[in-house]
Each structure stands twice: as structure tokens, then as C-alpha cells.
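Undergrad: Starting off with a structure, shown below.
The values are calculated or read from the model by the stated rules, or taken from the named source; none is laboratory data. Here the structure is a predicted model, which means the values were calculated and not measured. Please note: Cβ atoms are built from the backbone with ideal geometry, for glycine as well, and neighbour counts cover all protein chains shown.
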Amino acid sequence: MLRSIAELAAYGIFAVLLTAASLAPQAGSAASSATTATSSTPSTATAPQPAVAIAGRGALLFATKGCTGCHTHASFPNARMQVGPDLTAVADRAGTRVTGLDARAYIRQSLREPGAYRVAGYSALMPDLGLTDEQIDSLTAFLLSSSR
């Protein structure tokens, strides 16, 4: 019982972090461009985000968008339902699934158009989650970085 409460708390923290990340000012927005042009200190708001941060947001999205409801993944050991394939090492297989697509392109296409590809042995259709380009980038980074 205590373990279940701790797991729920962890997922709650993921949701809070994801919400906070989505509310942060984006580069180029009015809030982030409020620095004066005469300032000699470079702004970090326009600096590219590290891949680790993007992949971290992808892990949060994986948990909060319900991916663990259908897919297992080593980063989420308590996900038990498997109507879709295990995505732990998807980076290792994705580049071989469709001729002409590398792993990144295959994963992005699968997220953008969930019905585009079918994995043998799975009859369930992945729902369209209505992901933004930024969310697709984050989920792709997470899935490519997590081949454990």
C-alpha cells in the first residue's frame, strides 16, 4: 500500500514538473525577449536546450500522456499493460522498420501519424494524442536516449 502511494506521488511530481515546463516562457516570446538590446550580457533564453532536458520532458510526457497505459518501458517499471510494443529499446529497432527512414524519422512519423505503421503481433491502434511539434521532439529524444 505504501509503495502504491509512493508511486502515485512520483507520477504526481512528473505531472507538476511537466506543467511547470509547459508554462515557462519560450525563446522568442514577449517575456523572454524583454531583455534590453543594450545589455552586454548574453541572454540564455535563446540558447538551445540540452538534449538531456528535452529527453527529460519526453519522459514526463510519456508518463502524463498515457503512453504507459499501452506500452512498457524500462524507465517506468510499474507499467504492466502492454497492448503496444515495449518501447525500451525502440531506438535500436526503429531505423530498420521502414526503408529510407532512420530511427528518428520513424519515431517522429509514428507519433505524428499513429496509424502509419503497424507492428506485427499487436492489433490495437495507437490513438492520436494531438501532440505538438515540441512534444513530438521531446518524446522522440526520450525514446532515442533510453535504450536500456
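Undergrad: Applying the selection to segment 49-65, what residues are in a loop (DSSP other than H, G, I, E, B) and without any contact (Cβ under 8 Å) to a residue 12 or more places away in the chain?
TA: Listed by number, the residues that qualify are GLN49, PRO50.
Undergrad: For the subset of segment 87-108 comprising residues that are of a type in the set (D, E, K, R) and assigned to a loop (DSSP other than H, G, I, E, B), which member is farthest from the chain's Cα centre (by Cα)?
TA: ARG97
Undergrad: So, one more: When you check GLN135 against the structure, is it surrounded by 12 or more Cβ atoms within 10 Å (Cβ to Cβ) and either within 11 Å of the chain's Cα centre (by Cα) or assigned to a loop (DSSP other than H, G, I, E, B) (or both), yes or no?
TA: Yes: the conditions hold for GLN135.
Undergrad: Given LEU143, LEU125, which one is under 23 Å from PRO50 (Cα atoms) and either hydrophobic (A, V, I, L, M, F, W, C) or not in a loop (DSSP other than H, G, I, E, B) (or both)?
TA: LEU143
Undergrad: Moving on. Any residue in segment 83-102 that's in contact (Cβ under 8 Å) with a residue 60 or more places away in the chain: show its pairings with residues that are aliphatic (A, V, I, L, M) at Cβ separation under 8 Å, as long as the two are six or more apart or on different chains.
TA: Qualifying pairs under 8 Å: THR88/ALA74.
Undergrad: Being among the polar types (S, T, N, Q), at pLDDT 90 or above and more than 17 Å from ALA55 (Cβ to Cβ) is the filter here, so list the residues in segment 73-109 that pass it.
TA: Listed by number, the residues that qualify are THR96, THR99, GLN109.
Undergrad: Within segment 119-131, identify whether any single residue is within 15 Å of CYS67 (Cβ to Cβ), surrounded by 14 or more Cβ atoms within 10 Å (Cβ to Cβ), in contact with a Lys or Arg (Cβ under 8 Å, 6 or more places away or on another chain) and in contact (Cβ under 8 Å) with a residue 40 or more places away in the chain, and answer yes or no.
TA: yes
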